[in-house]
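A short write-up of the structure that comes next.
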Amino acid sequence: MTIVCLTSASGSPGVTTTAVGMAFSWPRPVLLVEADPTGGSGILAGFLRGTTPYDAGLIELALSPLGTADALRDVARPLSPNVSLVAGIRSHAQATALRDIWEPLAAALRDLDDNGQDVIVDAGRLGLMGSPTPLLDAADAALLVTRATLPAISAARSWAESVRQPATGWRHPGLLLVAEGQPYRASEVAKVLGMPVVADLPDDPAAAAVYHRGAAPPKHFETGPYIRALQAAVQSLQAHIARGRFALVEEARP
C-alpha cells in the first residue's frame, strides 16, 4: 500500500486539483483524504460543485467512538468505482480537534493494504494550525507542490530545508512542479530547493478546471496533454517510491 501526500509552501499552486486529478489517474483503488486544515471542503464545493451533501468527514472520524480503522470506513464516500473520498473539516475552527487523530489515522491508512487500496492526501499548506504533519512524515512520498516562479520558489526554500533533513524530515521528499519552464526549468528548481522534481504538470487552466471546479471537460480532454501529464506524474511517483523503498532495504543490509 502506498501513501502519497501533496502539500504547498504558499499561494495556490493547485494541491487539491492535482490530488483529485492524480486520484482519477491512479491505476489501483485509491482513497483521497482531504486533510487541509483550512476548512470548507474544496473537493465537495469544487470538483463536485456542491451537489454532494457533507454528511461525514474528518471531524466525524475524530469524534467517532469507534476505532480509527472502523470510523474511517464509515466516513469514506465513493466518487467513482476506484476513488473514494474522506472529506475535510467544515471550518478552520475545527482544525484543533484533529490534533490527536493524525497518528492513529496514519496507522489506519497503512492497514488499507489488506484491501489493495492506496491513499492520496491533500495536506493543504504547510505551517497551518492543525496541519497533518504525522501524515506527511509517514508518507511513502511527500511532494511539495510549487510553481516555477521566483516568488513560489523563494517561499518553498525554507520549507524544503526543513523537510529534507534525514532526522526530522519526510521519508521520501520530492517536488511536483506546475508550469515547468515558466520561467525556471526543473533542474534549476531542484538545485535551489535541494530535492528532486518527481513530476511536473503543464499550466492548463481549462483542463485543470475539470478537477478544480467540476467544469465541463474541454475537447479531447481524455487524450490531451493534461491527462497525459497526470498519468506520467503517477508513473514517475511510483518509480520514486520504489527507489526509496529499495534504498531503505539496502541501508538495512548488514
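Suppose all protein chains stay in the model; what accessible area per residue would a 1.4 Å probe give for region 204-254, in Å²? Don't skip to the answer; put the middle values down first.
Values: 3260 Å² over 51 residues.
That works out to 64 Å² for each residue.
What helices does the chain have that are whole DSSP H segments, at least 20 Å long along their own axis by Cα, and with mean Kyte-Doolittle hydropathy of -1.0 or more?
Sorted by number, the helices that extend far enough and score high enough are 225-252.
Above 34 Å lies some portion of the pair distances; for the chain, what is it as a whole percent of all C-alpha pairs?
In whole percent, the long-distance tail amounts to 12.
How big is the gap, in Å, between the Cα center of region 5-38 and the Cα center of region 60-86?
The distance from the Cα centre of region 5-38 to that of region 60-86 comes to 17 Å.
Measuring with a 1.4 Å probe in the full set of protein chains, what accessible area per residue, in whole Å², belongs to region 25-65?
42 Å²
So between R185 and A247, what do we pick up on full extension, going 0.36 nm a residue minus the alpha carbon distance?
19.6 nm
Against the globular-protein guess of 2.2 N^0.38 Å, express the Cα radius of gyration of region 88-152 as a ratio, rounded to two decimals.
Working: Rg = 13.7 Å, N = 65, 2.2 N^0.38 = 10.7 Å.
The reported ratio for this selection is 1.28.
Apply 1/(1 + (r/R0)^6) to the Cβ-Cβ distance of Q165 and D111, taking R0 = 30 Å, and write down the FRET efficiency to the nearest 0.05.
So, using R0 = 30 Å, E works out to roughly 0.60.
Which whole-number value in Å² is the accessible area per residue of region 112-200, probe 1.4 Å?
Accessible area per residue, region 112-200: 44 Å².
Give me the extension gain from Q235 to A97: residue separation times 0.36 nm, minus the current Cα-Cα distance, reported in nm with one decimal. All intermediate terms of the calculation are to be shown ahead of the outcome.
Details: separation 138, 0.36 × 138 = 49.68 nm, distance 3.54 nm.
Length gained between Q235 and A97: 46.1 nm.
Counting only residues 5 or more places away or on other chains, whose amide H sits under 5 Å from the amide H of C5 once H atoms are built in the peptide plane?
Under 5 Å from the amide H of C5 lie the amide H atoms of V121, A141, A142, L143, each far enough along the sequence or on another chain.
What is the percent carbon and sulfur in the accessible area of region 114-196, measuring with a 1.4 Å probe over the protein chains and ignoring ligands?
C and S atoms contribute 52 percent here.
What 222 nm value per residue comes from the helices of the chain, counting each DSSP H run with n ≥ 4 as -39,500 (n - 2.57) and dividing by all residues, nearest 500 deg cm²/dmol?
Details: 9 runs with 99 residues, N = 254.
Estimated from H runs of four or more residues: -12000 deg cm²/dmol.
Enumerate by residue number the trypsin sites (Lys or Arg not before Pro) in region 129-235 meeting two conditions: DSSP loop (anything except H, G, I, E, B), and at most 12 other Cβ atoms within 10 Å of the site's Cβ. Present the calculation step by step, with values, prior to reporting the outcome.
Details: sites: R147, R157, R164, R171, R185, K191, R213, K219, R228; in loops: R164, R171, R185, K219.
For trypsin sites (Lys or Arg not before Pro) across region 129-235 that sit outside H, G, I, E and B with at most 12 neighbouring Cβ atoms in 10 Å, the list reads K219.
Among P134, P202, P166, which one shows the biggest mean-square fluctuation in a GNM of the chain, springs joining Cα atoms closer than 10 Å?
Maximum fluctuation in the GNM of the chain, among the listed residues, is at P166.
Let me see the pair-distance distribution of region 118-254: every alpha carbon pair, 5 Å bin width, integer percents in order.
2, 9, 17, 20, 20, 16, 9, 4, 2, 1, 0, 0
The values are calculated or read from the model by the stated rules, or taken from the named source; none is laboratory data. From a predicted model like this one, the values you see are computed outputs, not experimental measurements. Because the Cβ atoms are built from the backbone with ideal geometry, glycine has one as well, and the counts that use them run over all protein chains shown. Just the protein is used for accessible areas: all its heavy atoms, side chains included, with ligands, DNA and RNA removed. Shrake-Rupley method; radii C 1.70, N 1.55, O 1.52, S 1.80 Å.
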